[in-house]
Amino acid sequence: MHCLHCILVPIKDCFSPKEANFNYLLEKNPLAVKLKLRSYAMMRTDYYDGRTFDYRTEYDAGRWSEDFPPPAVVLGVEEPERLKELVKEFSPKPFRAALNLFKDATYTSQEWRTKEKLLKDPALVIIENPWNGTLNDDEKPVYWSGYPNTNLTINEELLEKIWYSELWDPFYAEVLATVLRLTRGEYLPESGFYSLADESAKMSKSTWEDIQKNPENYALVFSDYHF
């Protein structure tokens, strides 16, 4: 599976004090500046090889190169508003991934059902879906539905079931573990975002505020991850 990942890079972490005249360097050789920032981002996240990706594009955004042409680096000093918008779009991705994963596991036996089927089984619940009410091949409206998954309630009973391998479907234990790892900021394949400023997939409030005030101090590097 391929996923576009965004890496936030503080400019000051990449350029030494001897290279303080960043604007001069950018004017004389902007490509070299971007390549250095990209190389730095790749080097700093290489630790996650085999954890967050099995391979990734090192020099461009791969399948997303049309949106982010090589070397797939967005500089705040060149495009401050675009950088802020992209940060707004990508920084919540780890949390959204956690919510979506949790939502997917909140119900079992999920499938499209007609009103007739739903009425026959009161235990079934209609799950929020933008396509609810669309017509199936028999011209009948169908609804995405399933049974509430009581296994996702974190309590002593659940922990005992996991420990003694008594959970009817171990998948849900894995779901809970992944959801918690995503929300605490671990960099996982589903994260889609990593902040070098925070060394975490969860961006801190102070970093967010600094980006809003000083976008020129940051860059975003994009890479096509496979896992």
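The values are calculated or read from the model by the stated rules, or taken from the named source; none is laboratory data. Quick caveat: nothing in here was measured; it's all calculated off a predicted structure. Here the Cβ positions follow ideal geometry from the backbone for every residue, glycine too, while neighbour counts run over all protein chains shown.
See the values below:
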| read-out | value |
| --- | --- |
| Selection status of Y24, over 17 Å from P189 (Cβ atoms), aromatic (F, W, Y) and touching a Pro at 6+ places or on another chain (Cβ under 8 Å) | no |
| Qualifying position, being surrounded by fewer than 16 Cβ atoms within 10 Å (Cβ to Cβ) and out of contact with any helix residue (DSSP H, G or I) (no Cβ under 9 Å at 6 or more places or on another chain), among E81, E116 | E116 |
| Wholly enclosed helices (runs of 4 or more DSSP H) of the stretch 55-124 bearing at least 1 residues modelled with pLDDT under 95 and not assigned by TED's automatic domain parsing to the domain that holds P189 | 93-105, 115-120 |
| Matching residues, the stretch 45-59, being over 17 Å from G192 (Cβ atoms) and touching a residue at least 40 places away in the same chain (Cβ under 8 Å) | E58 |
| Candidates P70, P94, filtered to the one that is touching a helix residue (DSSP H, G or I) at 6+ places or on another chain (Cβ under 8 Å) and not basic (K, R) | P94 |
| Set E157, E139, E174: member being more than 24 Å from the chain's Cα centre (by Cα), in a helix (DSSP H, G or I) and under 30 Å from V125 (Cβ atoms) | E157 |
| Leading residue by the ranking (nearest to D49 (Cα to Cα)) among those in the stretch 175-215 that are in contact with a helix residue (DSSP H, G or I) (Cβ under 6 Å, 6 or more places away or on another chain) and acidic (D, E) | E190 |
| Residue count for the stretch 177-189, restricted to those that are free of Cβ contacts under 8 Å to residues at least 40 places away in the same chain and outside any helix (DSSP H, G or I) | 2 |
| Residues of the stretch 43-78 that turn out to be surrounded by fewer than 17 Cβ atoms within 10 Å (Cβ to Cβ) and under 22 Å from the mean Cα position of the chain (by Cα), as a count | 16 |
| Selection count where residues are touching an Asp or Glu at 6+ places or on another chain (Cβ under 7 Å) and in a loop (DSSP other than H, G, I, E, B), scope the stretch 190-227 | 4 |
